[in-house]
Amino acid sequence: MVAATESSVREMLKKFKVEDGEQQDCMVCLEEQWVGFEASRMPCFHIFHGDCIGKWLQQSHYCPICRFEMPTH
């Protein structure tokens, strides 16, 4: 697999605090995202724990849900 570039991860992932009504399971670790925790939103609008998607994108440049492609160069 090809990793996403560090610059694309920094520029394209949006970090935010999970608010009430935004909770959903992280599809990388399969654990719930709790209100008040920091999460990251990909350009395709899928939400993950920040650490989980960061590690994922070091190994693959695809969204684990919809296969949106992050830049590789």
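The values are calculated or read from the model by the stated rules, or taken from the named source; none is laboratory data. None of these values were measured; they are calculated from a predicted model. With ideal geometry, Cβ positions are generated from the backbone for all residues, glycine too; neighbour counts draw on all protein chains shown.
Tell me yes or no: at least one residue of the stretch 49-57 is surrounded by 13 or more Cβ atoms within 10 Å (Cβ to Cβ) and part of a loop (DSSP other than H, G, I, E, B).
No - not one qualifying residue is present in the stretch 49-57.
Collect the residues in the stretch 20-39 that are farther than 15 Å from Ile65 by Cβ and either of a type in the set (A, V, I, L, M, F, W, C) or in contact (Cβ under 8 Å) with a residue 60 or more places away in the chain (or both), keeping them in residue-number order.
Result: Trp34, Val35, Phe37.
Among the candidates Cys44, Cys63, which residue alone is surrounded by 18 or more Cβ atoms within 10 Å (Cβ to Cβ) and modelled with pLDDT of 95 or more?
Within the list Cys44, Cys63, the selection yields Cys63.
For the stretch 40-73, what are the residues that are in contact (Cβ under 8 Å) with a residue 12 or more places away in the chain and of a type in the set (D, E, K, R)?
Arg41, Lys55, listed by residue number.
Can you pull out the residues in the stretch 30-44 that are over 11 Å from the mean Cα position of the chain (by Cα) and of a type outside the set (D, E, K, R)?
Across the stretch 30-44, the qualifying residues are Leu30, Gln33, Trp34, Val35, Gly36, Phe37.
Can you work out which of the residues in the stretch 11-41 that are touching a helix residue (DSSP H, G or I) at 6+ places or on another chain (Cβ under 6 Å) and not in a strand (DSSP E or B) is modelled with the lowest pLDDT?
Of everything passing the filter in the stretch 11-41, Cys26 is modelled with the lowest pLDDT.
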